[in-house]
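In what follows, a single structure is set out as C-alpha cells and then discussed.
Every number here is computed from the coordinates shown, using simple stated rules; none is lab data. Bear in mind that the values here come from a model prediction, so they are computed numbers and not experimental data. Note: ideal-geometry Cβ built from the backbone for every residue, glycine included; neighbour counts use all protein chains shown.
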Amino acid sequence: EALRIDVVTIFPEYLAPLRAALLGKALDRGLLQLGLHDLRDWTHDVHRAVDDSPYGGGPGMVMKPQVWGEALDEVCAGPTPPRLVVPTPGGRPFTQEVAREYAAEPWLVFACGRYEGIDQRVLDHYAARMPVDEVSIGDYVLVGGEVAVLVIVEAVARLLPGVLGNPASAEEDSFSDGLLEGPCYTRPEVWRDLAVPDVLRSGNHAAIARWRRDRALERTFHRRPDLLAALPAEALDRNDRKV
Ligand code: SAM
C-alpha cells in the first residue's frame, strides 16, 4: 500500500518540488500519494486571515486555532487517523531513524506553521485523537514549516520500496549503520594530480570493505564524535578499534 502524504500550508506552491525528479517519478508510479491543501480554504472572512496577535503580548503573530481545526478535521478524516507531523524548532530532532519510522506509516499529515507558530491547543486537541509529532530538522530557525516538510518527505520517500533504483544504496548511506559514509571516487584515475586511492582499484573486495569501514570510522570520529559515542559496543569489531 502506497504511503499517503497530505500537507496543509498557506503556501502550497512552496511544495511544488515534491512533484519533481525522483519524488515526481514515485508519485507517477503510485509509490507515494500527495495531497496539498491551502489552509486559507478553511477561512470564512474576506481577508482569509490565519493569524492573530499573541496572548501575553510580544512580537509576531500566532496561527489561529479555529482555521487549523476546520482544516485538520477535514484532512485527517478517515477510518483510521493519520500521524500528524508538525515541524517546529522545539520538536524532537528529525533523524534517519525517524525517517525509517515514517516510511513504515500508511498516512502522514503535515501541518506547516508560519509566523510564531500554531496555537498550542491545536496540537493538544489532536494529540487526543491521533499520534502527533513535533519535529525539528535542526538547530536553526526557518521562516515556515514548508521547507522542513520538503526535507522530511524527501528523506522518507527514498526509503519506500521501489523508489530508489538500487535499494542497497539506502542501506549503505550515512547513519544506516550509525556512521557517516566515507569519501567516494569515479573516473578518471588521476584528476589534477590527485589519484584515486590504490585499494579501490585493487579488486580486493575484503580490502575495499575494510578501507571503506576505516574511512567511515575516521570521518565519524572527527566530525561527529557524538555518533561514535552512541554506538553500542557490539557495533564495533576488533579491527574497528585499531582505527
Ligand atoms: N517561535 C518559534 C520558536 O521560536 O520556536 C519559531 C517559529 S518559525 C519563525 C515559523 C515556523 O517555521 C515554525 O512554526 C515551523 O513550522 C517552522 N520551522 C522553523 N524552524 C524550524 C526547524 N528547525 N525545524 C522544523 N520547522 C521549523
Inset, instruction - Check R114 against each of (1) touching an Asp or Glu at 6+ places or on another chain (Cβ under 8 Å); (2) surrounded by 15 or more Cβ atoms within 10 Å (Cβ to Cβ); (3) under 18 Å from E154 (Cα atoms) and name the one condition it does not meet. - result: (3)
Legend entry - Qualifying positions in the range 29-51 - within 15 Å of the ligand (Cβ to nearest atom) and in a strand (DSSP E or B): D51
Inset, instruction - Check whether at least one residue in the range 113-127 is free of Cβ contacts under 8 Å to residues at least 24 places away in the same chain and either within 14 Å of the ligand (Cβ to nearest atom) or of a type outside the set (G, A, S) (or both), and report yes or no. - result: yes
Inset, instruction - Filter the range 93-112 down to residues that are touching a Leu at 6+ places or on another chain (Cβ under 8 Å) and small (G, A, S) and give me whichever is nearest to the ligand (Cβ to nearest atom). - result: A111
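Check the range 70-84 and report whether any residue there is closer than 24 Å to L164 by Cβ and part of a strand (DSSP E or B).
Our first condition is that a residue be closer than 24 Å to L164 by Cβ; within the range 70-84, this holds for 83.
Cutting the leftovers down to part of a strand (DSSP E or B) gives us 83.
Yes: the range 70-84 contains one or more residues that are closer than 24 Å to L164 by Cβ and part of a strand (DSSP E or B).
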